[in-house]
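Reviewing the structure listed below.
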Amino acid sequence: MKKLHTFDEVFDSQKTFRAILEAMANPGRRVSAAEAAGKLYGEKPAMLAAAMTLLDNSVCFCCPGDRALEEQIHLLTHSAAADLSRADYLFVTSPSRLPEAVSAAKCGTLENPHLSATLIIADSREGEEDAVLFGPGIAGRMHVPISRTAAEAVRLRDARRDEYPEGIDLLLLSPDGTFYCIPRLVKREEA
């Protein structure tokens, strides 16, 4: 019997999880899950690697406008698909879906901030511009190149004005398997 994927659910998930933790602890730093993503097939292997690392049957997810990815994620993780407003993880594959995803994403509560959503956003890295980020995990200010998609995601998220510790975290994932995170407390300095 031939396996479709060679992604090891233990070892590759651990490597990818460590990369996600490094990116969350070091906002704006690009890390790679390309090796793990290369072991998965389909149109969006990097998204599948993130899903196989973060999801199981105790959480739910949403792929706004991408039914094919939703079916693949469900088959691989056994996680249930849910509405945007209930999903723990939102896999946003099209920039046109960002406004609806960010506005509907749950932000947790003051008592249970961990009940917030994480957005995993496909980032083509087109139209990169220099941005200045500040907040926890950044010593002072940090200049990083961010794409139009990332800039829009941060703008939409910050416009929500969620009260700390509420908020949503952003994971921006390039097709090559590299990604970086912009956690809820990291802000972009306005020009």
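If you add up the charges near Asn112, with Lys and Arg at +1 and Asp and Glu at -1, over every other residue whose beta carbon is less than 12 angstrom from its beta carbon, what do you get?
Working: positive: Lys106; negative: Glu111, Glu166.
Taking every Cβ under 12 Å from that of Asn112, the sum is -1.
How much of the accessible area of segment 1-133, in percent, comes from carbon and sulfur atoms when a 1.4 Å probe is used?
Values: 3630 of 6920 Å².
Ligands and nucleic acids excluded, carbon and sulfur reach 52 percent.
Per residue, how many Å² of accessible area does segment 78-121 show with a 1.4 Å probe?
Working: 2010 Å² over 44 residues.
Here the per-residue accessible area is 46 Å².
Over segment 1-62, what per residue volume does the convex hull of the Cα atoms give, in whole Å³?
Values: hull volume 7.1 nm³, N = 62.
For segment 1-62, the hull spanned by Cα atoms encloses 115 Å³ per residue.
Taking a probe of 1.4 Å, how large is the accessible area per residue of segment 1-51, in Å²?
On the way: 3070 Å² over 51 residues.
Normalised by residue count, the accessible surface of segment 1-51 is 60 Å².
Among DSSP beta bridges whose residues both lie in the chain, state the antiparallel percentage, nearest 5. Write down the numbers at each step before the final one.
Values: 15 of 28 bridges.
Taking every DSSP beta bridge within the chain, about 55 percent pair in antiparallel fashion.
For Lys106, Lys187, what's the largest-to-smallest order of accessible area, 1.4 Å probe? Mind showing how you got there, number by number?
Working: Lys106 50, Lys187 70 Å².
Listed by decreasing accessible area, they come as Lys187, Lys106.
Find the relative contact order for the chain and round it to a whole percent, using C-alpha pairs within less than 8 Å whose residues are 6+ positions apart. It would help to have the intermediate numbers written out before the result.
Details: 381 pairs, mean separation 43.3, N = 191.
So the answer I get is 23 percent.
Just the Kirkwood number for the chain, please: inverse of mean 1/r across all distinct Cα pairs, in Å, one decimal.
Details: mean 1/r = 0.0601 Å⁻¹.
For the chain, inverting the mean 1/r across all distinct Cα pairs yields 16.6 Å.
Given a 1.4 angstrom probe, what's the average accessible area per residue across segment 131-191, in square angstrom?
That works out to 47 Å² per residue.
The values are calculated or read from the model by the stated rules, or taken from the named source; none is laboratory data. Note that the structure is predicted; figures quoted are calculated from it, not measured. Positions of Cβ are generated from backbone atoms using ideal geometry, with glycine treated the same way; all protein chains shown enter the neighbour counts. Quick note on the areas: whole protein, heavy atoms, side chains included, nothing else; ligands and nucleic acids left out. Shrake-Rupley method; radii C 1.70, N 1.55, O 1.52, S 1.80 Å.
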